[in-house]
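The values are calculated or read from the model by the stated rules, or taken from the named source; none is laboratory data. Quantities reported herein were computed from a predicted structural model and do not represent experimental measurements. Heads up, the Cβs are rebuilt from the backbone with ideal geometry, glycines too, and the neighbour counts pull from every protein chain shown.
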Amino acid sequence: MNAGRPIAVYWFLYFTGLGVFFPYYALYLRESAGLSGTEVGIVMASIRLIALIAQPMWGNIADRTGARRTMLAFLTTATAVSQVGMWYADGFTQLFLATCAMSVFSTAVLPISFSVAFAMLGGRGQHGFGYARVWGTVGFLIGVAAFPYILEAYQRRFAIAGGSSGAGLEAMFALYAALAGLAAVSCWALPRTDEMEVRAARGDWRELLANPAMVRLMIASFLAYLFLQGPIEMFPLFIADRGGDVDMLGRMWIAMLLLEIPLIALSGAAVQRLGARALLIVGTAAGGLRWIICIATADLTLLYAAQLLHGVVVAGLLIGSPLYLEKLVPERLRSTAQGAMAMIGIGAGGLVSTVATGWLIDQTSIEVAYFAGGAGGLVLGISLRWMLPKV
């Protein structure tokens, strides 16, 4: 763990800010800004749209220059600064533009941090990655759980009426900025290793396209996020549809993260025993099953229990994918490969998924939107056994 401590500190700080922002942003757009379901979907999808360009661009720059640590510090700082624009944005157009501006930097943070972590950890990458990354989940849990109490204190301090579920939610921007700023400072404690600073030559990225396993992984990643990303980004609307508020949303996220912590910590051992492909299969299928359970029951106990599957999804998909990819690519192309996978999966797949989910909510019902994602994820998870080769 000592070798991974600096990146664990970074992930703890950054993910705490992400825990304050991500679970509540769609609710802010709907309840505070008054956007329609389709407009919420478009704003959320803009994050993925920008990621299509930003993630491979920053990844390629990091690999070509070898300045991966500096790049991570820059992107994290820019993410913090961008929250000023988020705070002052008003109405659909301004919120769309401010979200796009933030996404130019924020969407590349995690892929670059993954490449930095693997370069730092060297031969301990498989086990060390899970033990370090789990601190990001711990931070995310703290952010999600603490924000409703911080919001209540903010409402009292500035005499904001708390009757509306969106009252005072703009406080998330200041908190995210502060925590991202601290994470950026912590980047300078990351050790500089030869592996972290290895450079790629111009045109080396073409090697990735010539790897059949890499291409299959990209297709699988796109389909997984196509089915699963929209429902998680629209989850605040699902909770509101069930009569919930900010407190209930926070409790749901706590339930999501309870199982995620031990699963991520043990992900390295799971990869060694079962293989990264098995993690991807289980994680994708669990994501589909989760959304099917959510629309099949009105029982709050079962609804909370279903959120435990979120931990399986994260350990399987969000952790299994980078670990699977790490076995496919050379060191000099780590950042490019992680950025490309994020572009295809979270970027392209998430973009289509978020817009489609928002459109389905407006045109049909939230149940139809969640069933489409759930059924697709479950079928895809089962199919990955034949789609992806063992590595």
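Checked against the criteria, ARG332 does not count as touching a Leu at 6+ places or on another chain (Cβ under 6 Å) and charged (D, E, K, R). When the range 85-115 is examined, which residues are found to be part of a helix (DSSP H, G or I), farther than 18 Å from PHE12 by Cβ, of a type in the set (A, V, I, L, M, F, W, C) and in contact with a helix residue (DSSP H, G or I) (Cβ under 7 Å, 6 or more places away or on another chain)? Of everything in the range 85-115, those that are part of a helix (DSSP H, G or I), farther than 18 Å from PHE12 by Cβ, of a type in the set (A, V, I, L, M, F, W, C) and in contact with a helix residue (DSSP H, G or I) (Cβ under 7 Å, 6 or more places away or on another chain) turn out to be MET86, TRP87, PHE92, LEU95, PHE96, ALA98, CYS100, ALA101, MET102, VAL104, PHE105. Going by what's in this entry, would PRO191 be described as under 21 Å from the mean Cα position of the chain (by Cα) and either touching a residue at least 24 places away in the same chain (Cβ under 8 Å) or not in a loop (DSSP other than H, G, I, E, B) (or both)? No. Checked against (1) modelled with pLDDT of 80 or more; (2) of a type outside the set (S, T, N, Q); (3) under 20 Å from the mean Cα position of the chain (by Cα); (4) closer than 24 Å to ALA146 by Cβ, LEU228 meets all criteria but (4). For the range 237-258, the set of residues classified as assigned to a loop (DSSP other than H, G, I, E, B) and free of Cβ contacts under 8 Å to residues at least 60 places away in the same chain consists of GLY243, GLY244, listed by residue number.
Out of ALA184, ALA167, ALA200, I need the residue that is crowded, with 21+ Cβ neighbours inside 10 Å, at pLDDT below 80 and touching a helix residue (DSSP H, G or I) at 6+ places or on another chain (Cβ under 7 Å). Which one?
Of the residues listed, the single one that is crowded, with 21+ Cβ neighbours inside 10 Å, at pLDDT below 80 and touching a helix residue (DSSP H, G or I) at 6+ places or on another chain (Cβ under 7 Å) is ALA200.
Candidates in the range 29-53 are the residues that are part of a helix (DSSP H, G or I) and polar (S, T, N, Q); of these, the one that is nearest to GLN94 (Cα to Cα) is SER46. GLY339 - would you say it is free of Cβ contacts under 8 Å to residues at least 60 places away in the same chain, closer than 29 Å to ASP204 by Cα, buried (at least 24 other Cβ atoms within 10 Å of the Cβ) and not acidic (Asp, Glu)? When the stated conditions are applied, GLY339 does not pass them.
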